[in-house]
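Heads up, the thing below is written out as structure tokens.
The values are calculated or read from the model by the stated rules, or taken from the named source; none is laboratory data. Worth saying up front: this structure is predicted, and the values here are computed from it rather than measured. Every residue, glycine among them, receives a Cβ derived from its backbone with ideal geometry; neighbour counts consider all protein chains shown.
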Amino acid sequence: ITIFVLILLILVVVKFRAAANPVPSKTSHNTAIEIVWTVAPVLILFAIAIPSFNLLTYQLKMPENPDVTIKATATQWLWSYEYEGEQAVSFDSYMLKETDRAAIGKEDVARYPRLLAVDNEVVVPVGKTVRLLVTAAPTDVIHAFAMPAFGIKIDAIPGRLNETWFRADREGLYYGQCSELCGKDHAYMPIAIRVVTDEQYATWLEAATSDLSGANRALMATVDGDAAVQTAENTTN
């Protein structure tokens, strides 16, 4: 764009210089051109806006009967998750410390990147509708749950319950982050979601009700190395 504008500027300077135009133009306006440059951008914006609003409406409309409902509560500087249903599972999710990698089997930095990996990931089944309820602790500050790979970003506000949804079409480990400045450790509040098969999810959920660490280790043993990793900068799902 810069080069294109520069070329136009040079052409205008050369073509309309004083030496080439001893008698200046008396043109004050051109009605046809003015109508075109006013109407054309409006039509272009309408062409962009109509499908955009349709997409926003689809994104904000909560599907009926979601397969999984998870409540995410933000606190300085971690996420707490609660699975609703008969097999209730709840846990805190902290950024993975370098000193804890070996203990929980997450030495692979490519799969569990620094500043993005967590000790306990959210686990969801592939191809299923996941309803996400997002809030923050009553005495905390505003946070934001952002998972670019799923196209979601929603504020976590104390005393308010926001909701959104997603449906992951590929298995894998996906990373996001808190995207609302929330204090000195804002940069150390990652989000990790592991998408697995229905069978793997059912097995993990049953085991996690009594032994979360054991359930996570068993799940990692079956999925690590098989699926792609999506980071907060990668918006492909």
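The residue list A149, A168, A144 contains one member that is surrounded by 17 or more Cβ atoms within 10 Å (Cβ to Cβ), in a helix (DSSP H, G or I) and either of a type in the set (D, E) or touching a strand residue (DSSP E or B) at 6+ places or on another chain (Cβ under 7 Å) (or both), which is A149. Of the residues making up segment 203-220, those that are part of a helix (DSSP H, G or I) and either in contact (Cβ under 8 Å) with a residue 40 or more places away in the chain or not assigned by TED's automatic domain parsing to the domain that holds M95 (or both) are W204, L205, E206, A208, L212, S213, N216, R217, L219, M220.
Restricting attention to segment 12-30, the residues that are loosely packed, with under 10 Cβ neighbours inside 10 Å and at pLDDT below 90 add up to 13. Residues that are out of contact with any strand residue (DSSP E or B) (no Cβ under 6 Å at 6 or more places or on another chain) and among the aliphatic types (A, V, I, L, M) within segment 91-115 comprise A102, A103, I104, V109, A110, L115, listed in sequence order.
Working only within segment 107-129, note down all residues that are surrounded by 13 or more Cβ atoms within 10 Å (Cβ to Cβ), within 23 Å of the chain's Cα centre (by Cα) and not aliphatic (A, V, I, L, M). Residues satisfying the conditions are R111, Y112, P113, D119, N120, E121, P125, G127, K128, T129.
Per-residue answers, yes or no, for (1) modelled with pLDDT of 90 or more; (2) touching a Ser or Thr at 6+ places or on another chain (Cβ under 7 Å); (3) surrounded by fewer than 16 Cβ atoms within 10 Å (Cβ to Cβ); (4) of a type in the set (D, E):
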| position | (1), (2), (3), (4) |
| --- | --- |
| V36 | yes, no, yes, no |
| V39 | yes, no, yes, no |
| V42 | yes, no, yes, no |
| A47 | yes, no, yes, no |
| L60 | no, no, yes, no |
| T69 | yes, no, no, no |
| T75 | yes, no, no, no |
| E82 | yes, yes, yes, yes |
| V89 | yes, yes, no, no |
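Could you please let me know if L132 is surrounded by 15 or more Cβ atoms within 10 Å (Cβ to Cβ), outside any loop (DSSP other than H, G, I, E, B), in contact with a Phe, Trp or Tyr (Cβ under 7 Å, 6 or more places away or on another chain) and modelled with pLDDT under 95? No.
When Y94, Y175 are checked against the criterion of being within 16 Å of the chain's Cα centre (by Cα) and aromatic (F, W, Y), a single residue qualifies: Y175.
Tell me which residues, restricted to segment 58-105, are among the polar types (S, T, N, Q) and at negative phi. Before the answer, list the steps.
Residues of segment 58-105 that are among the polar types (S, T, N, Q), as a first pass: 59, 65, 69, 73, 75-76, 80, 87, 90, 93, 99.
Of everything in segment 58-105, those that are among the polar types (S, T, N, Q) and at negative phi turn out to be Q59, T69, T73, T75, Q76, S80, Q87, S90, S93, T99.
Here L181 meets the list (1) without any contact (Cβ under 8 Å) to a residue 40 or more places away in the chain; (2) crowded, with 18+ Cβ neighbours inside 10 Å; (3) closer than 22 Å to M95 by Cα almost entirely, failing just condition (2).
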